[in-house]
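Structure first, commentary second.
The values are calculated or read from the model by the stated rules, or taken from the named source; none is laboratory data. Just so we're clear, the structure is a prediction, and the values are computed from it rather than from any experiment. Cβ atoms come from the backbone with ideal geometry, glycine included; neighbour counts cover every protein chain shown. The area values use the complete protein model at the heavy-atom level, side chains included, leaving out ligands, DNA and RNA. Shrake-Rupley method; radii C 1.70, N 1.55, O 1.52, S 1.80 Å.
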Amino acid sequence: IEIYSLHVDCKVTSRFAHTVITSKIVNRANESKEATFEVELPKTAFITNFSMSIDGKVYPGIIKEKASAQKEYDTAVSRGQSAGLVKITDRKLEQFHVSVSIAAASKVTFELMYEELLKRQLGKFELLIKVRPKQLVKHFQIDVHIFEPQGIRFLETDSTFMTNELTEALTKVQNETKAHILFKPTVEQQKINPELDETLLNGDFVVRYDVKRGATAGDIQIVNGYFVHYFAPQEMPVFPKNVIFVIDRSGSMAGRKIEQTRDALLKILQDLRPEDHFSFITFNSKVVEWRSSLLQATAENVASAAGFVQTFSASGGTDINRALLTAVTVLDKAERLPERSVSMIILLTDGQPTSGEINVEVIQENIQKVINGKYALFCLGFGFDVSYKFLEKMALSNGGIARRIYENADAALQLQGFYQEVATPILMKIEMQYPENTVEGLTKNNFKLFFEGSEIIVSGKISNEIVLLPVEIKAQSHTSDLTLKEEANVKEKEQIFQNQSYIFGNFIERLWAYLTIQQLLEKSISAQEEDKKTLEAQALQLSLQYSFVTPLTSMVVTKPAGQQQSELANKPTEAG
């Protein structure tokens, strides 16, 4: 079985990435063989299309409602079970895997298409392409086209497998608003050494970039009656933070996990700003406060905290409820905190609650009641014994986010990386306002906090007759209350994309659908049962309309007669 051509074609238009992976395989044997198509794609992406063509006949993947697809499938499969086609493989990726049997001398072309909205983190967008052909490929090519009307501020490529020879196969062409990256190694360049038919191509190919930002009220782009508004203010004063680290030191944290946690916290302590206030609470079945109140991050206090962190050891049960209630009380009682400041609780745990209150629903209710919108709660789940669903619901109900920390050698870096994302709050209570009578289907447009290095994105539909789209942003910065205004000329904005040949025409509409689905699903996590149904029904309808494989849909992959008739591609979620 020979992969004679593998092409990754990626077009990024104003952060929205559309990737097509095409693999062409020939069976050089004189009997039928299994041809396998195995691709890793970002977890944040939605698959939108898949097809196999065998000797000219096309077998398309069909996207259906998950429940009904599952039903049809179960009937078909009662004759022999097979695993789903998609599974999570690492912290950023999931794997799509399909095999089909092809006759001697036959050819098969696999084509997979997926889309995602690139999310700005720590000041850059990252496009991740996983490269792992497992054999030398005669025609191998990665093509990345980027078009950013705001202008490209910087662009870099990075890869885990580059050698001097392979660098020669990489070209970058770039002007003010466009970039084209081409990676096209010959078979000789792909080899680990000239004698062996083994490939060097195994790992990540990453493109990172950021855009130029001029206007204070962000940038508006419009195509075919849909708009997207990007807002990422720069050079703003930073809010002082009041942060309580709530650290699990139950028995299961013993060994490497507690060591990595110590390493990360020692680094994080160094990153605190002098005007920040902080404290630590550690817990197993007992809850221990390092200090009874928050301390300012003076050199002296930071040094004393570092001493405390180094004494961390792990044993005993897990009383998450009391640990969090204690943290909220410390923030409630805090005095002499900076007038305008941001208070947050960062919980790190690796397991289920086992002591004190152990019913997760009750814990969620307790915490939501006492936090009552005053503080942001971030939940970090270490490893796979945590109930990620529980942590995610608790964080989303309290203005924060959840993140899984993978038990790898770089766990300490993952923890630090997370802290850096939330370390620099520069705006709070952000409201993005648009004229009600001319805009509908608006995505989330008010945000509790904005962290430096990230980006706010709002999208919606505008009515046909409007000539100007006025926007107003209200927010609080550390020093003042802001009102920013901007007006977009619809005709002028639409003109920008008209002459761009390689842009799929309705990309802002698809971006709007992608963002709306993501937000509906996120909202449904912390919603009450009735609302949950409504939110999921809306997300399902959009997933089907725009053909996205989301947690509510499945793609049915059909195969030639005589082979296992159909298989399902489902979207795995972090909460399993």
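Observations on the model:
- Filter result for the condition that a residue is crowded, with 16+ Cβ neighbours inside 10 Å, in contact with a helix residue (DSSP H, G or I) (Cβ under 9 Å, 6 or more places away or on another chain) and of a type in the set (A, V, I, L, M, F, W, C), over 243, 238: 243
- Counting only strands (runs of 3 or more DSSP E) that sit completely within region 437-493, those holding 3 or more residues that are within 18 Å of residue 119 (Cα to Cα), open to solvent by 30 Å² or more (accessible area, probe 1.4 Å) and modelled with pLDDT of 95 or more correspond to 446-451.
- Options 234, 150: the member that is among the polar types (S, T, N, Q), closer than 27 Å to residue 445 by Cβ and not assigned by the TED database to the domain that holds residue 21: 234
- Tally, over region 519-576, of residues that are among the β-branched types (Val, Ile, Thr), modelled with pLDDT under 95 and crowded, with 19+ Cβ neighbours inside 10 Å: 2
For (1) closer than 18 Å to residue 10 by Cα; (2) more than 26 Å from the chain's Cα centre (by Cα); (3) in contact (Cβ under 8 Å) with a residue 60 or more places away in the chain, each residue gets a yes or a no:
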position: 64; (1), (2), (3): no, no, yes
position: 68; (1), (2), (3): no, yes, no
position: 152; (1), (2), (3): yes, no, yes
position: 166; (1), (2), (3): no, yes, no
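- Residues within region 13-57 that are within 24 Å of residue 152 (Cβ to Cβ) and of a type in the set (D, E, K, R), tallied: 1
- Sole exception among (1) assigned to a strand (DSSP E or B); (2) open to solvent by less than 40 Å² (accessible area, probe 1.4 Å) for residue 217, by number: (1)
- Test result for residue 292, open to solvent by 40 Å² or more (accessible area, probe 1.4 Å), under 22 Å from residue 329 (Cα atoms) and modelled with pLDDT under 95: yes
- Against the criterion of being open to solvent by 40 Å² or more (accessible area, probe 1.4 Å), in contact with an Asp or Glu (Cβ under 6 Å, 6 or more places away or on another chain) and of a type in the set (Lys, Arg), residue 130 qualifies.
- Any chance residue 77 is open to solvent by less than 50 Å² (accessible area, probe 1.4 Å) and either closer than 29 Å to residue 212 by Cβ or modelled with pLDDT under 95 (or both): yes
- Any chance residue 348 is under 20 Å from the mean Cα position of the chain (by Cα) and open to solvent by less than 20 Å² (accessible area, probe 1.4 Å): yes
- In region 288-305, the condition of being farther than 19 Å from residue 414 by Cα, assigned by the TED database to the domain that holds residue 419, of a type outside the set (A, V, I, L, M, F, W, C) and part of a strand (DSSP E or B) is met by at least one residue.
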